[in-house]
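To start, the structure itself, in structure tokens.
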Amino acid sequence: MESSCSEMEWRELPYDSWTESHVSSWLKSIGIKEMYIGKMMEEEVTGPVLTTVDRDFLNKTIGMKSGQIEHLLKKRDELLIPEQQKIKKTSDSSGKSRDGKKEAVKDVEQEPKLSSQELCDGAKDKNIPTESNDNISTTEVISCDYRKFDQDEKDFRYVKHHVLPPETGTENMMVPCHEYKSLEIAYKLDSLRLKVKVASEVLRFACACMNMRANGTIHFGIMDKVRGTHKHGEIIGITVNNQEDFVDALDYIERCFKGSNQQSDARSCIRHPRFIEVLDKESSGNTWVIEYDIVPKASIVKDKLYYVGVPKFSEKDNKVKCEEKIPYYRVGANTPRVPEDDLVPFIQGLREKDQQREEAESTRKETTLEFGEDQKRKLSILLTCGKKHMDNSLFYIVVTNKFQPAHLDSISFLVHMNLFCVFDFDPDSKTSGLCGKYKKQKAVNLHFFDDYAKDKRIDDIKKSLQLPERISWIFCNGRNNFPGEQPCDGKTWIKTRKRKLKKVVSLICNDILSRRSFVVLFLLMSDVEQPLVETFHEFYSEMSGHEFLAVISESKENYKKWSSLAQVSCPISDLKEISIVEMPLSHVDATVQSIQLLKNQSTRTLPVLNGGLCFLKSVEEAMLDSLEIISVDQCNDTKLEIMSEEEIQQTESYFYRGGKINWINFWLADKHKCGVIIERDAYKEANNILENIAHRSKAIRPIESVNIYHHPGSGGSTVARQILWRWRKKVRCAVVKQGKELTTVCEHAVKLREHDENDKNNCLPVLLLLEDHNPDYINDLRGHLGNVIATKKISSFVLCFILLICNRSNDPESMCRASLSQTVAVTHKLSADEKPLFSKKLEQLKLQFEPDFILTFVLMTEGFERSYIKDFVKNLLDKIDHSTPTTRLIRFVALLNCYVKDSYISVSHCEASLGIATYMDRTQYHAFVDHLSDEARLIFIHLNQSSTHIPSIRIIHPLVAEEILSQLSANLPQSNIAMDLISDKVLINHRFDRDEFLRFIRALFIRRNKKSRGDPKDTSFSPLIEHVCNVDKGGVQKAVDLMKAAYIDLGKDACVAQQLARLLYTHNRFEEALEWAKEAKSLAPQDTFILDTLGQVYKWWFYHLYDTLEEKEPSPETGIEIISTALKGITAFRASEKTPKKETVNLNNSYYGEVDVGCRLLKFLSGVDVFSNTTGKYELMDYLLTDYIPAEVKTPWQKFHQQLKGLQKSLSQALECISEELSYFQTDISEEDEELDARDPEQVHNPREWLTRKSAVYAEFFCLTPDESGQATERNDIDMAGPVEKLSPFQRQMRTYKLGGGNVTSILSLLYDKKPERAGKKLEKIFSLYPENLMWNDLDPTELTNFIFCQIALNCILPGSSKLLSLQKLQKFSKRFVTKGKHMSSASALFLLSLLFWPETSDEVSSDGAQILFSAIDALQRLCEQKIQHRSQRKSRIVTHFFLAKARGLNKIVHRSAIEKEIKGTLSERKLKWLGGEVWKTKQVVQLLKRVEGWTENETLFVRCGSSGKIRVVPRYSASLPHGNEKVNFYLGFSFDGVVACDIQVMD
């Protein structure tokens, strides 16, 4: 429907308004091939683009052949001719008539009516317009073959516009001669006239064949002349209204042949007509070619001359008449009568013809020995594309229909093929077919077309479908015994599912797999139906031909039907080239297995605790697909005997050039097929650490870790893999794949540990390699694994998992010093022991390889000396031509590799960039590498990304990339290189692997360096942008231009706009920054980071105005712009605060910004001349806190009064919000958020310290007390404040704030003071602010909450202080807090109730106290659930502030800082003890804390409170709940999500 609409519209619209669809319809109308139309659509060729396309674009980008190009350009140029010129041409061509249209009509009206006979003959002799398709390309001829002579091939079909060989004479009596008749007009005749026409042609031709004693076929529906766009022999087909007309035409034999004997002979020789369907892609109507075979057997025609009088229809008499009976014969391709003069010699020659006929027939009967093709070799070439054997370098897509039961025993070859997906047309395949059988040996995911059709990014589709880790089994025609899609017939399938198939095939061929990386194998295992053929058409179209397609059919009949239908898109001759026919599947199975590099091994082996081995089935292993498992017999399934020396050398040299080591390298080295791999010192150190961990009689903790920190490119990954290889027989080893969900990895790791083991307490540990995972991921994985260990009741003294953590770092030695006992460092520098090993190895390698081809190893042997790298790069760059596309590509790759970790450029992108039009056959193609200069080949290493399976390139080593970029940028600044890259439309818009490429480009402009990620230093912007700003001439403007270009070319990326705004305000270009911040906001109106940036622009603008103010005491008028800017910033921050939070965001950052601007604004206000003296400061307080407005500011600040008077309250609220958030959650921030966070470093990394400092700054402005003379005095020393009775509640609160008691977070921060006496004095000073006669009910709830927190903090620091109140008194005060309803107290107040009213024993609590406790904890838990409902698990880590101790009274409350003091070791070691639960085994902690008894019920933990009450307790840390209902005990913690349990133990 869409295409027909487009077809109508393009005719009505001007070409400059055409969309891609309109252009496609026009291209179709002029006869351009479908495959090229699709490509033009992909390249977004619209009407305006069509007007500018040239020969080069059509050839290189679209891949058109010259004939199609000429045709298209000619038609395009005609299209562009102005309408007036077209009219002029038309009038000129019609005899220059002034009224051309009328004359043309007149001509038609006066055209004489033709008789039926003239109508028949006229098609031959006169140039009568026909109804044939004039849009067929006149350039490319697709030849085809005849149907087999005198055989009824039911599955044979012709394809419209294919061309048969020219008509022939009788060169060989047994090889039939051919005659064509188009009937293109005559087929419309009525039944009688049509029969006469057909009979006249058949009988004349038959008579000639019988007289010549030669076989022959006459074809109707084939062009017999060149006419218009039609060629001689072109198949056009005709509509057959009634087949009986063609059968009945033979009834004229009796009227037209001479005598009854000749009539009988004619009946015997002329076969009944065969109706052969003509396939037409463009039309759904049926057309046919009708063929009559003539077989003049010697026994029938011997010694006879045949005469026929062909029938003619007389229009005059309206009846059929037979012409004179005369003999006919064949002269070349014509059928004339035998001339009278030649009749006698012709009759005399018949005897010789009879003899020749008899001999030809007898020879034909003899069986001839046919030499068939070498099918094994052909099959090997088809499946390996010319390689000697089949490995994992190619993916295979299998398309198949129903397998017969006998065939299912011969599918082993499929099991070891690197299958990507299977298109299965058997609805019963899962229950009784190929899928069910295959699933027993390999894991597969079952899909329908709709699973691919989701509107998602390609990466998301691959992730959701688990491509390519798990084979996708696509049920193309539904599944029986499944509630989803049901099977349907062929016609319904075409209507409902063909379009879906097209989308899936296009997605796989163009977006998921790269060109030339896969082979599509069609297995024709049963009767072929149209949907299977449609699948072939789609793959043929998307893959631009039959290369990389293969067909296997055991049945010849199935293949015949297949080929007759498939020839619509692929000529029969090409189909033969890619087809294996009549080879039994058992032979296919054996043949393919003989060329597969890997043996068909259905199991692998793992070590077990008793020293033996157990089996791991392939299907079981595939289910653990988040792990790459290294088995005891790893690589033993490799057929070493079919690996050539050259392949072994390539494997070895790839590693020594800088490629990642593979398990096959270790295996070949163990087999002494290649050199030994050097074991670096770090390997030995890590090995020793592992030995110490593994061989302890009792494990210190169930989850241990060993860290390897390494310089990029120093071989750290090799060391880690060497460890796994050497330990694979001692423990179970696996690599955690990138991008896998934590819960999945945890589940799979546990299954690997317990595989084929009975006792979960007696299993070998699992050694898990985590490479380049961030610390949060590793900590969360450790937590998940710990939960499982506790849940399964595995003893804490059993070693279950060892995490081998391998991460890059620019300073591995300092990382090593942070945790000496479990960390090793791998650096570029070789030790004294390592140097001789590397030198010796280098000498050995030089005997095998040129030094240039093991460059990374050469550099490593030199210790990556900067001077050596510098000289190497200089020599390299001196030889290259800097103007070539290859050098340009080197610049791009160097830029990306230097600044973006793990970046690469796909080979597909490189080919597009270099303008390589790759043409293919199976055994050779113009490889990308052939187009590179020698220098480029030296420095590029080819990768096959394990995560994406995409062929790609990078520079051999990061240091080499860095040096190349450094030396290249001496002549061409990095900003120019980056601008060239971002402006390269070919690269940016290249469809394949586009998401990943754009991710690298985005990182280039957005990703900041962070020491925490192993970078050399923290940066405010991406390192590229900082380099451009600091090094390139005119740097800041160049950086701005770069960011603007990136913004456009990355599709108006809001994050780039936000970073650009940051860059601009950092360099005081505030107006521009404001524009870009607003632009970012318009694109992402709900993103809190981006909204915060708008506030940051005003903040830094305000700071700039303030800092550059020349007057020390500005007037109110001078301050208008400054105040206005500050208030705009506060307004922007508040707007951001009201926005719903992202999942990954804890607290909206804008609260920090509001506090910053508010405090600085207060400072500015206090410096305005009106308020600059002591009296003025009191007046300022009065102005800010009351309705009072000083006369001097009344008019100038008219617009600001309302906002300024709300400043204190809003600052107080913002500080309270920050405090509440920090009291709930840990303060970590995700890497993604870190890139966008515009806060100051202190706000990000030390928010508690920042809050304490800002609280004091805020309170400073309001700590003013009027003395008796009416003047205000600022009291810095509390002791000098005089009688506290004079302080108002507000002033007391401000004094408290200044001392650190203004909010919960600041109070708790005092507990971490390195000088406890100092913190204790501050708290005592706070209590001295309260008069002895104070009415406690007069305190507002917030002040009361802070007072009680200060009491608890003071008891933790100075337990004997005279300022302390009893627990009972604090309980009495806290009963004012409300636990229910609209006026429910704050979370901090509820938290206090849980602390104060928790009983020392469960029996001691009163019913009143129990009720308060129940209500408070229930309310806390509900509040917390609301707070964390939209957060990721990592972001909702809640801080446990206090623990229940064995002591009584207030001493029952112990802060976590008291426990942390008892944990020894480095920061990372202490963190590990918390995460691993080791802290609960510490002697001092066991003595200090009290274990509480409880029970589990329906996987929920409870503790008794009072006589009948129970309280839900939340499990925390690595302790989790047992599955059943058990009695347990644990340590009790207090947090803002209620009470929590640590170290849960099941009681006997």
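Counted over the chain, the DSSP beta bridges are approximately 55% antiparallel.
Give the peptides 387-398, 487-498, 178-189 in descending order of average Cβ contacts within 10 Å, highest first.
Numbers: 387-398: 18.2, 487-498: 14.4, 178-189: 22.2.
Result, highest mean Cβ count within 10 Å first: 178-189, 387-398, 487-498.
A Förster distance of 60 Å, applied to the separation of the beta-carbon atoms of Asn1337 and Val1031, puts the FRET efficiency at 0.35. Partner aspartates and glutamates whose Cα lies under 15 Å from the Cα of Lys388, excluding those fewer than 8 positions away in the same chain, are identified as Glu641, Glu645, Glu646, Glu647.
Just how large is the dipole of the chain about the Cα centre, in debye to the nearest 20, putting +1 at every Lys and Arg Cβ and -1 at every Asp and Glu Cβ?
Working: 212 positive and 219 negative charges, 733 e Å.
That gives the chain a dipole magnitude of about 3520 debye.
Using the Cα centre of the chain as origin and beta-carbon charges of +1 (Lys, Arg) and -1 (Asp, Glu), tell me which of Ile1006, Ser464, Leu690 is placed farthest towards the positive end of the dipole. So the residue furthest toward the plus end is Leu690. Report note on the peptides 966-975, 1107-1116: ranked by the mean count of other C-beta atoms within 10 Å, highest first, their order is 966-975, 1107-1116.
Calculated FRET efficiency, Asp833 to Ser602, Cβ-Cβ distance, R0 = 51 Å: about 0.70 to the nearest 0.05.
In terms of Cα to Cα distance under 16 Å, which lysines are near enough to Lys673, apart from those fewer than 8 places away along the same chain? Of all the lysines, those that pass the test against Lys673 - Cα under 16 Å, at least 8 places apart if same chain - are Lys639, Lys841. Candidates Leu842, Thr1088, Ile290 compared by Cα position along the dipole of the chain: farthest toward the positive end lies Thr1088, with charges placed on Cβ.
Among the listed pairs Lys1044/Lys1081; Lys378/Lys430; Lys74/Lys502; Lys402/Lys561; Lys874/Lys1010; Lys1254/Lys1298, give every one whose C-alpha distance is greater than 20 Å.
Lys378/Lys430; Lys74/Lys502; Lys874/Lys1010
Approximating the spin labels as points 7 Å out from Cα along Cα→Cβ, the Lys846-to-Asp317 distance works out to 10.7 nm.
Take the cross-link list Lys60/Lys462; Lys258/Lys321; Lys304/Lys353; Lys258/Lys353; Lys1112/Lys1177 and give me the ones stretching past 18 Å between alpha-carbons. Those over the limit are Lys60/Lys462; Lys258/Lys353. Each part reduced to its alpha carbon centroid, the range 204-223 and the range 957-979 end up 77 Å apart. Loop-located GluC sites (Glu not before Pro) across the range 683-751 with a Cβ neighbour count of 12 or fewer within 10 Å are Glu741, with loop assigned by DSSP.
Of the trypsin sites (Lys or Arg not before Pro) found in the range 1457-1541, the ones in coil according to DSSP and having at most 16 other Cβ atoms within 10 Å of their Cβ are Lys1461, Lys1464, Lys1490.
Magnitude of the Cβ-charge dipole of the range 666-822, K/R +1 and D/E -1, about the Cα centre, nearest 20 debye?
Magnitude of the dipole: close to 460 debye.
Counting only Cα atoms, the range 652-733 measures 44, 30, 18 Å along its principal axes, largest extent leading.
Assuming charge only on the beta carbon of Lys and Arg (+1) and of Asp and Glu (-1), the dipole of the range 155-242 about its Cα centre is about 240 debye to the nearest 20.
Set the Förster distance to 51 Å, then compute FRET efficiency between Asp460 and Ser1115 from the Cβ-Cβ distance, nearest 0.05.
My answer for the efficiency is 0.30.
Using only the Cα atoms of the range 783-888, construct the convex hull and provide its projected area averaged over every direction, in square nanometres to one decimal. Could the numbers behind the result be given before it?
Values: hull surface 50.6 nm².
That works out to 12.7 nm², a quarter of the Cα hull's surface.
Every Cα-Cα pair of the range 1388-1512 was included, and the share exceeding 24 Å stands at 39 percent.
Hey, what number do you get for the chain at 222 nm if only DSSP H runs of n ≥ 4 count, each worth -39500 (n - 2.57), divided across all residues, to the nearest 500?
Details: 68 runs with 710 residues, N = 1548.
Rounded to the nearest 500, the figure is -13500 deg cm²/dmol.
The stretch between Met1547 and Cys144 holds 496.6 nm of extra length on full extension. This uses 0.36 nm per residue minus the Cα-Cα distance.
The listed peptides 447-458, 1150-1161, ordered by packing as a protection proxy, come out as 1150-1161, 447-458 (highest mean of other Cβ atoms within 10 Å first).
Expected output is a single nm value to one decimal: the length gained when fully extending between Asp451 and Gln1202, i.e. 0.36 nm times separation in residues minus the C-alpha distance. What is it?
Numbers: separation 751, 0.36 × 751 = 270.36 nm, distance 5.74 nm.
Between Asp451 and Gln1202, full extension yields 264.6 nm more.
Ignoring lysines fewer than eight residues from Lys495 along the same chain, the ones with Cα atoms less than 19 angstrom from its Cα are Lys281, Lys503. Taking amide H as placed 1.01 Å from N in the peptide plane, the amide H of Val308 sits under 5 Å from that of Ile326, Tyr328, each at least 5 places away or on another chain.
Under the simplified labelling scheme, the Arg55-Ala818 pair shows an inter-label distance of 6.4 nm, with each label point 7 Å from Cα along Cα→Cβ.
When the range 381-465 is described by a simple charge dipole with +1 on each Lys and Arg Cβ and -1 on each Asp and Glu Cβ, the residue from Phe425, Tyr452, Leu382 located farthest towards its positive end is Leu382.
FYI, it's all coordinate maths here, none of it is from the lab. Note that the structure is a prediction, hence the values are computed from the model and not measured. Positions of Cβ are generated from backbone atoms using ideal geometry, with glycine treated the same way; all protein chains shown enter the neighbour counts.
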